[in-house]
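The next block holds one structure in the form of structure tokens; read it before the comments.
The values are calculated or read from the model by the stated rules, or taken from the named source; none is laboratory data. Quick caveat: nothing in here was measured; it's all calculated off a predicted structure. Ideal geometry is used to build each Cβ from the backbone, glycine not excepted, and the neighbour counts take in all protein chains shown.
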Amino acid sequence: MSDQSLEFGKEVKSKAEALAAEGRDANQVAKIIIDADPESCNYGIGIVLDNEGQAMATSETLLRYLQEEIEGSGRGQYRNSASLMADLKAAVLQWQRIPQTIWDSFVLALPSDAGTGAVSTAATIALAMHSGLDCIGVEELSWPGYKAIAKSCRVDYKEFPSEQAINREEVLPIYQASPQNTTGQVADKAVIAERAAMAANGHRTIILDRAYSGFEYASLLGTKGYDAIMGMSYERYIAPFVNENVPMIIAISPTKCFRSFALRPAGMLLAFIPDSTTRKQVTSLMNSVIRARGSAFEHPATRALVRAMIADREQLEREHALALSRLAETEQIWLTLSRGTAVEPLFAEGYAGLFRNPKIREGADVNLYNEHIYPVISSGRCRINITGIPSDENLQRKHAEAFARSCYL
Ligand SMILES: Cc1ncc(COP(=O)(O)O)c(C=O)c1O
């Protein structure tokens, strides 16, 4: 392609570089440049997209409950879900397919914030549980939010190879308990077993970040059904730690599951504390941290999710299945279109979820932008939100070819 015809792509690239120089992170830059181009095809922002490239609808159930919450908020008084916490705990444990025999070992807290607030609150609590921790450890190429969380908790941040258990006395491990943002890797069962064994040996508390519950098994939704894949997800990511009696705080985000991006409610914390004396201490600590965050009285969207989860969990689960179904559809399209290309392995065994993050060739960013294709480009890699693939088959092929030309592993 001549230099002249790449003019648009070059302009976008310069704009992206200028925004990055102002201190914006790669996700923020992507959002700004996507919004500035009326012809943009979003492969960047981590939302769930429908087959027209539009954000999928927010959960109808949540919107309905939120409307009721707002209508009930006419009088200026504090409101919270304190009286509903036991019912909410049961509903969340059911949603996550956690066996009833171990429910008593869990403590629930609501940071009244989305998943980010849940992870960050989990870090505050876990760091306060153990003196001597001065670092947060995460898998390499992990979600950029962790770095900011470590900074705000005033501890160091360190990345470890994904296939490794984090096993250092001074390091609090945060493991993703769903396909990895950014890479799309699904942690191997043997690796998870090793992480659980190491944590048990080291008497370590860990954090599990569950931002994409069940997304790793989306492709099995059609054959196995929602209940089965949520059960498999529990078995893969949570059960190994339960079986080793590892104390852990599971941070659960509702955002991707129920497409509540615009509402940002109710990240949930489930602390699994097998020892009953420690559980009492941790409960008290969690209550203090929630109080200090000002979350003991919750935002209306959080209260709405609490009531919906208790009274309408099955409807929410059907809406969660809609996102999984869209993901399964797009995984199938990518699998077909990537055959014989450099990125084919990313759509095979071992990868799943919203994102893939291959390396990007020199100059390929200009070419992609020039075709109005916008992944998140950062540190020589290109994070692709796979639900960005449109329904038009010509466009699908064009986009898949552009990525195959631009990327390598
Ligand atoms: C790994 C991971 N953890 C936590 C979050 C935060 O979720 P939320 O959007 O609910 O704040 C995200 C969001 O992208 C994520 O990818």
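Answer yes or no: is there a residue in segment 352-360 that is small (Gly, Ala, Ser) and out of contact with any Phe, Trp or Tyr (no Cβ under 8 Å at 6 or more places or on another chain).
At the first step, the residues of segment 352-360 found to be small (Gly, Ala, Ser) are 352-353.
Narrowing further to those that are out of contact with any Phe, Trp or Tyr (no Cβ under 8 Å at 6 or more places or on another chain): none.
No; the residues of segment 352-360 include none that is small (Gly, Ala, Ser) and out of contact with any Phe, Trp or Tyr (no Cβ under 8 Å at 6 or more places or on another chain).
Show the residue pairs meeting these rules: Cβ distance below 9 Å; 6+ apart or different chains; first residue within segment 111-127 and within 17 Å of ASN80 (Cβ to Cβ); second residue part of a helix (DSSP H, G or I) and near the ligand (Cβ under 10 Å from one of its atoms).
From residues that are within 17 Å of ASN80 (Cβ to Cβ), the pairs are PRO111/GLY117; PRO111/ALA118; PRO111/SER120; ASP113/SER120.
Collect the residues in segment 236-245 that are in a loop (DSSP other than H, G, I, E, B) and over 11 Å from LEU208 (Cα atoms), keeping them in residue-number order.
Of all residues in segment 236-245, those in a loop (DSSP other than H, G, I, E, B) come to 238, 244-245.
Listed by number, the residues that qualify are GLU244, ASN245.
Which one is farthest from LYS89 (Cα to Cα) among residues in segment 218-235 that are in contact (Cβ under 8 Å) with a residue 60 or more places away in the chain and either within 16 Å of the ligand (Cβ to nearest atom) or not in a helix (DSSP H, G or I) (or both)?
This residue is ALA218.
If GLY9 satisfies all but one of (1) of a type outside the set (Phe, Trp, Tyr); (2) in the same structural domain as LEU324 (by TED's automatic domain parsing); (3) within 28 Å of the chain's Cα centre (by Cα), what's the number of the condition it fails?
It is condition (3) that GLY9 fails.
Is it true that LEU409 is touching a helix residue (DSSP H, G or I) at 6+ places or on another chain (Cβ under 7 Å), surrounded by fewer than 24 Cβ atoms within 10 Å (Cβ to Cβ) and not polar (S, T, N, Q)?
yes
Here are VAL92, VAL119: which of them is more than 14 Å from the ligand (Cβ to nearest atom), crowded, with 20+ Cβ neighbours inside 10 Å and not in a loop (DSSP other than H, G, I, E, B)? Steps first, answer last, please.
Numbers: VAL119 fails: more than 14 Å from the ligand (Cβ to nearest atom).
Exactly one of VAL92, VAL119 is more than 14 Å from the ligand (Cβ to nearest atom), crowded, with 20+ Cβ neighbours inside 10 Å and not in a loop (DSSP other than H, G, I, E, B), namely VAL92.
Give GLY53, GLY46, GLY76 a once-over and let me know the one that is in contact with a Leu (Cβ under 7 Å, 6 or more places away or on another chain), modelled with pLDDT under 95 and part of a loop (DSSP other than H, G, I, E, B). So that I can check it myself, show each step before the final result.
Numbers: GLY53 fails: in contact with a Leu (Cβ under 7 Å, 6 or more places away or on another chain); GLY76 fails: in contact with a Leu (Cβ under 7 Å, 6 or more places away or on another chain).
After applying the criteria, what remains is GLY46.
Looking at segment 261-269, is at least one residue within 16 Å of the ligand (Cβ to nearest atom), under 24 Å from the mean Cα position of the chain (by Cα), at pLDDT 90 or above and not hydrophobic (A, V, I, L, M, F, W, C)? So that I can check it myself, show each step before the final result.
Start the filter on segment 261-269 by keeping residues that are within 16 Å of the ligand (Cβ to nearest atom), which leaves 261-269.
So of that shortlist, the ones also under 24 Å from the mean Cα position of the chain (by Cα) come out as 261-269.
Subset that is at pLDDT 90 or above: 261-263, 267-269.
From the residues that got through so far, the ones that are not hydrophobic (A, V, I, L, M, F, W, C) too are 267.
Yes, because at least one residue in segment 261-269 is within 16 Å of the ligand (Cβ to nearest atom), under 24 Å from the mean Cα position of the chain (by Cα), at pLDDT 90 or above and not hydrophobic (A, V, I, L, M, F, W, C).
Taking segment 239-271 on its own, how many of its residues are under 24 Å from VAL289 (Cα atoms) and either surrounded by 22 or more Cβ atoms within 10 Å (Cβ to Cβ) or among the acidic types (Asp, Glu) (or both)?
18
Could you tell me which numbered condition THR387 fails, if it satisfies all but one of (1) assigned to a helix (DSSP H, G or I); (2) under 23 Å from the mean Cα position of the chain (by Cα); (3) more than 19 Å from GLN185 (Cα to Cα)?
Every listed condition holds for THR387 apart from (3).
Hey, ALA148 hits all of (1) within 16 Å of the ligand (Cβ to nearest atom); (2) assigned to a helix (DSSP H, G or I); (3) among the small types (Gly, Ala, Ser); (4) modelled with pLDDT of 95 or more but one; which does it fall short on?
Status for ALA148: all satisfied but (4).
Can you find a residue in segment 180-191 that is of a type in the set (A, V, I, L, M), more than 16 Å from the ligand (Cβ to nearest atom) and over 23 Å from LEU316 (Cα atoms)?
Residues of segment 180-191 that are of a type in the set (A, V, I, L, M), as a first pass: 186-187, 190-191.
Among the residues that remain, those that are also more than 16 Å from the ligand (Cβ to nearest atom) are: 190-191.
Then keep just the ones that are over 23 Å from LEU316 (Cα atoms); that gives 190-191.
Yes - at least one qualifying residue is present in segment 180-191.
Take the conditions within 10 Å of the ligand (Cβ to nearest atom), on the phi < 0 side of the Ramachandran plot and among the aliphatic types (A, V, I, L, M) and apply them to ALA251. Does it pass?
On the way: within 10 Å of the ligand (Cβ to nearest atom): yes; on the phi < 0 side of the Ramachandran plot: yes; among the aliphatic types (A, V, I, L, M): yes.
The answer is yes for ALA251.
Can ILE238 be described as away from the ligand (no atom under 16 Å from the Cβ) and among the hydrophobic types (A, V, I, L, M, F, W, C)?
Numbers: away from the ligand (no atom under 16 Å from the Cβ): no; among the hydrophobic types (A, V, I, L, M, F, W, C): yes.
No.
I'd like the residue in segment 159-179 that is under 23 Å from LYS256 (Cβ atoms) and crowded, with 21+ Cβ neighbours inside 10 Å and, out of all such residues, is farthest from the ligand (Cβ to nearest atom).
So, considering only residues that are under 23 Å from LYS256 (Cβ atoms) and crowded, with 21+ Cβ neighbours inside 10 Å, the one farthest from the ligand (Cβ to nearest atom) is PRO173.
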